[in-house]
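Contents: one structure, followed by commentary.
A short reminder: the numbers here are calculations on the coordinates, not readings from a lab. Small disclaimer: the values here were computed from a predicted structure and weren't measured. Here Cβ is always computed from backbone atoms with ideal geometry, including for glycine, and neighbour counts include all displayed protein chains.
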Amino acid sequence: MADPLLCVTGLYKNYLENVPVLKDVSFNIESGEYVAIMGHSGSGKSTLMNILGCLDTATAGHYYLEGRDTAALSSDELALLRNRLIGFVFQGFNLLPRSSILDNIALPLLYSGKSKVERREKATVMLTRVGLAQFGDRRPNQLSGGQQQRVAIARALVTDPKLILADEPTGNLDTQTGDEIMKIFQDLNEDQNITIILVTHEDDIAAHAKRLIRVVDGQIASDQAS
Ligand SMILES: Nc1ncnc2c1ncn2[C@@H]1O[C@H](COP(=O)(O)OP(=O)(O)OP(=O)(O)O)[C@@H](O)[C@H]1O
Ligand SMILES: [Mg+2]
């Protein structure tokens, strides 16, 4: 049988010695799943997402991505894997304020070997896909919050990732705008089979996912279809 896309076994994370923030966390996520992660502030959700995104490493336990043990990879190899497989969407959009919208979206392609023209073409396709084709020359602060988050999604998609990691992507948005963002995620999951892992505090946002993992004090308290 094929490896799951993600396999986490017995994962621990300590920032400070002997103070585990994640404790014996284990789960698999298959390609094409749509998973919501919920839990109180400080329960370890972002810590877990950072490890799943290869932005941080575990203190103990294993994290296999496409069957590869991430602990065995160098930081260069991790960066390559991250760039090839994963797109990130954050609560605060994290766009570069001085760069145009199009340049923001093209940024993850910088190390792809594509020419500048090809990078801008791909960025334009992604910007069009999130419905903002006419805004490519603007700066981020000239867009609304919801528009900025769509730009961030376009940036996450520009490398054709298999996996989207979204940490409270609707946390700074009103309900209607948040629903529009969720519609984009749903289409990505259903039409393109992109795996989505989404952290949220809101029940109605989590309801879009097909599986719900609850984290309590650094441990998985429940993990079930939703
Ligand atoms: N770099 C760090 N150094 C030390 N402690 C940290 C660090 N990052 C997070 N922590 C601690 O780890 C715990 C989990 O933090 P984390 O950011 O994962 O929580 P969270 O579930 O994402 O919370 P929120 O819902 O508020 O975003 C918290 O107690 C936090 O203070
Ligand atoms: Mg967090």
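Worth a mention:
- Per-pair calculated FRET efficiency, R0 = 25 Å: residue 187 and residue 40 via Cβ, rounded to 0.05: 0.25
- Distances between placed amide hydrogens fall under 5 Å for residue 87 paired with 163, 164, 165, all partners being 5 or more residues away or on another chain.
- Long pairs among 45/210; 23/210; 116/162; 114/183, criterion Cα-Cα beyond 21 Å: 23/210; 116/162; 114/183
- The dipole here belongs to the chain: it is taken about the Cα centre, uses +1 on the Cβ of Lys and Arg and -1 on the Cβ of Asp and Glu, and is about 780 debye.
- Förster-model FRET efficiency, 35 Å R0, residue 175 and residue 110, C-beta, rounded to 0.05: 0.50
- Fully extending the segment from residue 117 to residue 3 would add 37.4 nm, taking 0.36 nm per residue of separation and subtracting the current Cα-Cα distance.
- With helices as the sole contributors, the chain gives -10000 deg cm²/dmol at 222 nm; each DSSP H run of n ≥ 4 counts as -39500 (n - 2.57), and the sum is divided by every residue.
- Helix 116-129 axis, angle to the chain major axis (alpha carbon atoms, nearest 10°): 80
- Taking Cα atoms only, the orientation of helix 145-157 departs from the longest principal axis of the chain by about 70 degrees.
- The stretch 36-111 and the stretch 160-188 have Cα centres separated by 16 Å.
- Computed from backbone phi with θ = phi - 60° and the Karplus coefficients 6.51, -1.76 and 1.60, the 3J(HN,Hα) list for the stretch 73-83 is 9, 6, 5, 5, 5, 5, 4, 5, 4, 4, 5 Hz; x is used for glycine and proline.
- Degrees between helix 175-192 axis and first principal axis of the chain (Cα, 0 to 90, nearest 10): 80
- Given charges at beta-carbon only (K, R positive; D, E negative), |dipole| of the stretch 10-116 in Debye: 380
- Percent of C-alpha pairs per 10 Å bin, the chain, short to long: 8, 33, 36, 19, 4, 0
- Distant-in-sequence amide H partners of residue 100 (H built 1.01 Å from N, under 5 Å): none
- Sequence-distant residues sharing a close amide H with residue 216 (under 5 Å, placed H): 221
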